[in-house]
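Computed from the coordinates by the stated procedures, all read-outs in this text should not be read as laboratory data. It should be emphasised that the depicted structure is a prediction, and the values quoted were computed from it without experimental measurement. Because the Cβ atoms are built from the backbone with ideal geometry, glycine has one as well, and the counts that use them run over all protein chains shown.
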Amino acid sequence: MLLELRNLTKVFVARGRRQVRAVDDVSLAIPEGATFGLVGESGSGKSTLARMIPRLIEPTSGEIVYQGQNLCHFSEKQMRAVRQEIQIVFQNPFSSLNPRMTVRQLVGEPLQIHRKASGASLDRQVLSMLETVGLQPEQANRLPHEFSGGQRQRIGIARALILHPKLLILDEPTSALDVSVQAQVLNLLLDLQQRLGLTYLLITHDLGVVHYLCDRAALLYLGAVVEQGPINWIFQRPSHPYTRALLDDVPSVDPDQRMLERVSLEADSFSVHWGGTGCRFAPRCPARQVAACTTVEPPLGALAESEHRVACHLAHPLLAGESV
């Protein structure tokens, strides 16, 4: 297993000493060469989780096990070496690229920081990487504002790949792009994974992108995983009301799909205040119907398919043939 997160938690202290559990007891396992999707609305904690993996944000508790070693015990010097193997592609390429640096400087900077190359060798590696992501060598002396959004994202990908990482964290890599450009970037990511043997952790709110790229996925709500499993099971047999609601937001080309069958959420996650008892999704859940929904937090338990796990009181009794 390339990466395992074990009971990872991050607690921020807000004004008035109020604690906010941005990530709450999350456990994930990502095999080498796989693409794992982490899905959730804005405010679900997915970007905080992504930044904890290379310890850009320090976890409050839990373990980050990378290639069998717990990164939480690593010194800053040790983490510096590990971060060469764990790179992030950020959501907005315009804000993540220094506007005063040329593409040659932007892509080559990681090699200089880690003292991997200089001079002619650095230049050769930069130009080669630009070609790998679909850019031309003659574009190396241009500034970021001279490129389209899709081209800037390719620059961001080249910058992340220049150190030859094993794990690439993709934080909403296509959400700032037009639909046609999104498809080009997604196809590039698939091609790069096959050619370079990369492992991806995809952070997104778009289940359509997850279905296209991922092998497995986890749904995150208010910092906790509410459903997790192989991507086909999540799409064909969604077992949590939150998952079904997000799936209904994926555009359908089926003219017979009736709007009455769709699951709608009346509020967004920012307007929900979970008191720490009962299911954290209960205030918005259209299927809430048992007392336990508001009094006992459901554990993330396995369904009939052992790899498919869901945190919902309604899912487990129904599958076991019990009454609710």
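Each peptide in 64-70, 205-211, 15-21 receives the mean, over its residues, of other Cβ atoms within 10 Å, and ordering these scores from highest gives 205-211, 64-70, 15-21.
Distance between the C-alpha centres of region 26-43 and region 118-174: 24 Å, rounded to the whole angstrom. Coupling constants for region 114-122 follow from the phi torsions by the Karplus curve (6.51 cos²θ - 1.76 cosθ + 1.60, θ = phi - 60°), and in residue order they are 8, 6, 9, 6, 7, x, 5, 5, 4 Hz; glycine and proline get x.
For region 148-164, the Karplus equation 6.51 cos²θ - 1.76 cosθ + 1.60, evaluated at θ = phi - 60°, returns couplings of 6, x, x, 5, 5, 5, 5, 5, x, 5, 4, 4, 6, 8, 4, 8, 6 Hz by residue, with Gly and Pro reported as x. For the pair GLN105 and ARG124, label points projected 7 Å from Cα toward Cβ lie 2.5 nm apart.
Antiparallel DSSP bridges in the chain: what percent, to the nearest 5? Percent antiparallel among DSSP bridges in the chain is about 60. Using the Kirkwood radius over Cα pairs, work out the Stokes-Einstein diffusion coefficient for region 147-207 at 10 °C and 1.306 mPa s, in µm²/s as a whole number. Result for D is 133 µm²/s.
With the cut-off at under 15 Å, measuring from each backbone N in region 163-194 to a point 7 Å along the Cα-to-Cβ line of SER42 picks out 172, 175-177. Using only the alpha-carbon atoms, how far is helix 179-196 inclined from the longest principal axis of the chain? Give it as 0 to 90 degrees, nearest 10. Compared with the principal axis, the helix lies near 70 degrees.
Taking only the alpha carbons of region 3-220, we obtain Rg and Dmax values of 17.5, 55 Å in that order.
Ranking CYS214, PHE90, PRO299 by Cα position along the charge dipole of the chain, where only Lys, Arg, Asp and Glu carry charges on their C-beta atoms, puts PHE90 farthest toward the positive end. With N counted as the residues of region 32-132, its alpha-carbon radius of gyration over 2.2 N^0.38 Å works out to 1.27. Just to verify a number: FRET efficiency for ALA183 and LYS77, C-beta to C-beta distance, R0 = 45 Å, to 0.05? Working from the Cβ atoms, E equals 0.65. Tell me which lysines have Cα within less than 28 Å of LYS10's Cα, excluding those fewer than 8 residues away on the same chain? Once the sequence-local lysines are set aside, what remains near LYS10 is LYS46, LYS77, LYS166.
Other residues with beta-carbon under 13 Å from the beta-carbon of ARG152 carry, at +1 per Lys or Arg and -1 per Asp or Glu, a net charge of +1. Here the extension length gained between ILE113 and HIS205 equals 29.8 nm, from 0.36 nm per residue of separation less the Cα-Cα distance. State, to one decimal in nm, how far the label point of PHE94 lies from the label point of PHE235, with both points 7 Å from Cα in the Cβ direction. Reported label-point gap for PHE94 and PHE235 is 3.1 nm.
Residues whose amide H comes within less than 5 Å of that of VAL23, counting only those at least five positions distant or on another chain, are LYS10 (H built at 1.01 Å from N in the peptide plane).
Between GLU32 and LEU2, the built amide H atoms are under 5 Å apart, and every one of these is 5 or more places off in sequence or on another chain.
Against the chain, whose longest principal axis is taken from its Cα atoms, helix 103-113 shows a tilt of about 80°.
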